[in-house]
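Laboratory data are not the source of any read-out in this text; all were calculated from the coordinates shown. Keep in mind the model is a prediction, meaning the values are calculated, not measured. Cβ: placed from backbone, ideal geometry, glycine included. Neighbour counts: every protein chain shown.
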Amino acid sequence: MTQTVDVKAAKERELAGWTATAAGWNKHHALLERFSAPVSDKLIEKAGIQPGMRVLDIACGTGQPAISVAERVGTQGSVLATDFVEPVIVYARMKAKERGLTNIEFRCLDGEALDVPANSFDAVTMRWGIMFMPSPVESMKGAHAALRRGSRIALTAWASPQQNPFVMIALGVIRNHLDIPTPPPGTPGIFAFADQARLRSTIEAGGFGDVQIEPFDFVVGEFTSGEDYWTFIREIGAPIARLYAQLSSDDQRVVDREVHAEAERSRSGDKVVVRGTTWIASGRK
């Protein structure tokens, strides 16, 4: 696909957005870790991670799946976890320290310009990072170079909007109040890799073979109310927060009420339960 994105502007926008929501990721870390644990487990499985391995985790956020990987590889293994947002790296270090982990290093690095030794890792993981990269093939090439021959990468990207009500409950309401133009092809965003064909071609363009992709449906979160859901998604979702900030204060109040009500439609018993579907993809060097 021809690059139509201003890479520098896109990178600056993503950095600003995720820096602004870093505190939200820290605040909601326990909930995110609990409900995304099945996804982390699938990444560990698909990457073939075993005790004693050296693993590179790209776009680690506040520490997952890097921390789970570090626990998997044990004291004879090690993890290098990277993210290009310094505040989330700070939080991630805190989480690892709380778990008593000494086999994990966190480094602030651009996932599209990895400065790591070639042929030095036994596996690479990336959980929901590729969608926000303006030059994702470069990230795949960097991951490929970092891996030893025969090793695997495993990564995730969100499937279609229709399969991800956890985002669309809020985004659908905002779209009723804000004219959101269709972004140019290749623009980073939550659903940039909703098309699994694009995900496959990007991984293959990075040099990987034996590419496997499968959908994985799971509960993204459970909340006591629609209001709690809205607080959560607004505080961790940089794209949602950015759009919400463009609304007038009057429209924001209306959106607040409408999102609360829409989320309540997902109530099951005493909880509002929101689901999502992610692609689980892997490839071999």
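Here are the numbers for the structure shown:
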| quantity | calculated |
| --- | --- |
| From the C-alpha gyration tensor of the range 1-152, square roots of 5λ in Å | 23, 20, 13 |
| The chain, dipole about Cα centre (Lys/Arg Cβ +1, Asp/Glu Cβ -1), debye to the nearest 20 | 720 |
| R0 of 22 Å, Cβ-Cβ distance residue 113-residue 187: FRET efficiency to nearest 0.05 | 0.65 |
| Listed residues 226, 20, 35: farthest to the positive end of the dipole of the chain (Cβ charges) | 35 |
| Given charges at beta-carbon only (K, R positive; D, E negative), |dipole| of the range 3-144 in Debye | 320 |
| Pairwise FRET efficiency - residue 41 versus residue 264, Cβ, R0 = 30 Å, nearest 0.05 | 0.45 |
| Three-way shape label, the range 21-76, alpha-carbon gyration tensor, a/c 1.5 | prolate |
| Separation in nanometres of the label points that stand 7 Å from Cα toward Cβ, at residue 90 and residue 102 | 2.6 |
| Alpha-carbon centroid distance for the pair the range 230-285 / the range 152-190, whole angstrom | 11 |
| Net charge dipole size for the range 188-241 [Lys, Arg +1 and Asp, Glu -1 on Cβ; Debye, nearest 20] | 260 |
| At 1.306 mPa s and 10 °C, Stokes diffusion of the range 6-53 via Kirkwood alpha-carbon radius, µm² per second | 119 |
| Kirkwood Rh (inverse of mean 1/r, distinct Cα pairs), the range 89-131, angstrom | 12.5 |
| For the range 51-127: span of alpha carbons on each principal axis (Å, largest first) | 31, 27, 18 |
| Computed log₁₀ I(q)/I(0) - Debye formula, equal Cα scatterers, no solvent, the range 155-268, q 0.18, 0.21 Å⁻¹ | -0.97, -1.19 |
| Positive-end residue, the range 127-285 charge dipole about Cα centroid, Cβ charges, pick of 276, 240, 194 | 194 |
| Shape category assigned to the range 76-207 from the gyration tensor of Cα positions, a/c cut at 1.5 | oblate |
| Estimated inter-spin distance, residue 6 and residue 247, nm [label 7 Å along Cα→Cβ] | 2.7 |
| Peptide ranges 186-195, 55-64, 173-182 listed from the most packed, as the mean C-beta count within 10 angstrom indicates | 55-64, 186-195, 173-182 |
| Debye log10 I(q)/I(0) for the chain, one point scatterer per Cα, at q = 0.08 Å⁻¹ | -0.32 |
| Rg followed by Dmax, in Å, when the range 239-285 is reduced to its Cα trace | 16.7, 53 |
